[in-house]
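Asks: Quick one: structure below, then a few questions.
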Amino acid sequence: MSDVLDAAPARSAAHPEWARSALSTMWTIRRFEEAVDDLFGRGLMHGTMHLSIGQEASATGVCLALRPDDLIASTHRGHGHCIAKGADLEPMMAELLAKDTGYCRGRGGSMHIADVARGNLGANGIVGGGVPIAVGAALAQRQLGTGRVVACFFGDGATNEGAFHEAANLAAIWDLPVVLVCENNKYGMSFSTERSMKVATVAERAAAYGMPGVRVDGNDVEAVHAAAVEAVGRARDGGGPTLLEAVTYRWKGHSKSDKNLYRTREEIEEWRRDDPIAAFEAEVLGLGTLTPAEVEGARDAARDAVREAVRAAMAAPDADPQALLADVAAAVFSHPVGSDAATGAAR
Ligand SMILES: Cc1ncc(C[n+]2csc(CCOP(=O)(O)OP(=O)(O)O)c2C)c(N)n1
């Protein structure tokens, strides 16, 4: 992130530096996820993964409202959050490819990327699991007087979890510096919000906690950014949490096993036409903030950076299965006397 964005004032498509940064972040997320989709399809990446293609504007708009030393908590669909918070593409890609050079030495994969140096407290495979972590981190920032704010990403489905309720309530009664960012992509796996919630919006749930609830077009990076700047400012100034609902859509299935049987082709096509990146490009070109060559340059730079990350990660050494239990405290206590706690191998 550049110096000019450190204070995180509300910027718009009319501001060239901001526009360049927003476009480059969104393209990097898009190209990164297209690349991992391709690697998975070719059998080079294993397990499963949750792609956020189509949702790039919410991660980007929120993270551009943060200071570099602010914190985020992410989700199982977290590649965009990591990238928007400044993650290096190479260790990210290496982590997904189970390489020793990955963020977690290849042990965590897509759903467990953490980058504490950049303020990313981690993705989380437990739906709603990041919310108590973010609220606890916000309490720590307040106690320590750091002035930092925590942005916590989660999906619409997570707001039906008990963990969300408990953490949101604590954040509210203690006026903690946290912004609760719900990326409402209309589905929790195959379960639509129309069936999983009695209320029409996630934002109106904020009233139950006594905090502001704001609903924005999550595919409009400027709208997300403006709402996030206000919420982050309020949190930093001691005004407590905000529930920010960004309405968006994931183009791809929930995970790699999704056959998309719960939604129509027409619905997917309609949302694909509401492409957050294409809309932003049209706006900056229309305003004349960026030239066609600069827009093209942002696309090419994202493609090249992702290609280089793939090349370097593919060439890196695989994670060592023998070292799997290193750094695992439970392993130290669970292995019998005489065994090697680091590797689990009998001595
Ligand atoms: C506590 C918990 N319950 C269920 C699951 C299985 N699960 C994984 S993702 C998911 C859907 C989450 O939906 P949402 O919070 O809306 O996020 P999205 O996938 O739409 O980004 C579910 C139910 C889980 N990982 N953790």
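The values are calculated or read from the model by the stated rules, or taken from the named source; none is laboratory data. Nothing here was measured: the structure is a model prediction, and the numbers come from that model. Note that we place each Cβ from the backbone using ideal geometry, even for glycine, and neighbour counts take in every protein chain shown. To get the accessible areas, we keep the full protein, side chains included, count just its heavy atoms, and leave off ligands, DNA and RNA. Shrake-Rupley method; radii C 1.70, N 1.55, O 1.52, S 1.80 Å.
Asks: Select from the stretch 267-286 the residues that are closer than 21 Å to ALA19 by Cβ and either surrounded by 14 or more Cβ atoms within 10 Å (Cβ to Cβ) or within 23 Å of the chain's Cα centre (by Cα) (or both) and list them in ascending order.
Replies: Across the stretch 267-286, the qualifying residues are ASP274, ASP275, PRO276, ILE277, ALA278, ALA279, PHE280, GLU281, GLU283, VAL284, LEU285.
Asks: May I ask you to list the residues in the stretch 253-290 that are in contact (Cβ under 8 Å) with a residue 12 or more places away in the chain, within 24 Å of ARG215 (Cβ to Cβ), out of contact with any Asp or Glu (no Cβ under 7 Å at 6 or more places or on another chain) and within 16 Å of the ligand (Cβ to nearest atom)?
Replies: Once the filter is applied, which keeps residues that are in contact (Cβ under 8 Å) with a residue 12 or more places away in the chain, within 24 Å of ARG215 (Cβ to Cβ), out of contact with any Asp or Glu (no Cβ under 7 Å at 6 or more places or on another chain) and within 16 Å of the ligand (Cβ to nearest atom), the stretch 253-290 yields HIS254, TYR262, ARG263, ILE268, TRP271.
Asks: Taking VAL310 as the residue in question, decide whether it is farther than 22 Å from GLY78 by Cβ, open to solvent by less than 40 Å² (accessible area, probe 1.4 Å) and either in contact with a Cys (Cβ under 6 Å, 6 or more places away or on another chain) or among the aliphatic types (A, V, I, L, M) (or both).
Replies: It is false that VAL310 is farther than 22 Å from GLY78 by Cβ, open to solvent by less than 40 Å² (accessible area, probe 1.4 Å) and either in contact with a Cys (Cβ under 6 Å, 6 or more places away or on another chain) or among the aliphatic types (A, V, I, L, M) (or both).
Asks: Being away from the ligand (no atom under 16 Å from the Cβ), more than 21 Å from the chain's Cα centre (by Cα) and crowded, with 20+ Cβ neighbours inside 10 Å is the filter here, so list the residues in the stretch 177-208 that pass it.
Replies: Passing the criteria: only ALA206.
Asks: For GLU95, work out the one condition from (1) touching a residue at least 60 places away in the same chain (Cβ under 8 Å); (2) among the charged types (D, E, K, R); (3) open to solvent by less than 10 Å² (accessible area, probe 1.4 Å) it doesn't fulfil.
Replies: Here GLU95 meets the rest and fails (1).
Asks: While we're looking at this one, here's another question. Name the one entry in ALA84, ALA117 that is out of contact with any helix residue (DSSP H, G or I) (no Cβ under 7 Å at 6 or more places or on another chain) and of a type in the set (A, V, I, L, M, F, W, C).
Replies: When all the criteria are applied, what remains is ALA117.
Asks: Do the conditions hold for THR75, that is, is it over 13 Å from the mean Cα position of the chain (by Cα), modelled with pLDDT of 95 or more and not in a helix (DSSP H, G or I)?
Replies: Criteria not met by THR75.
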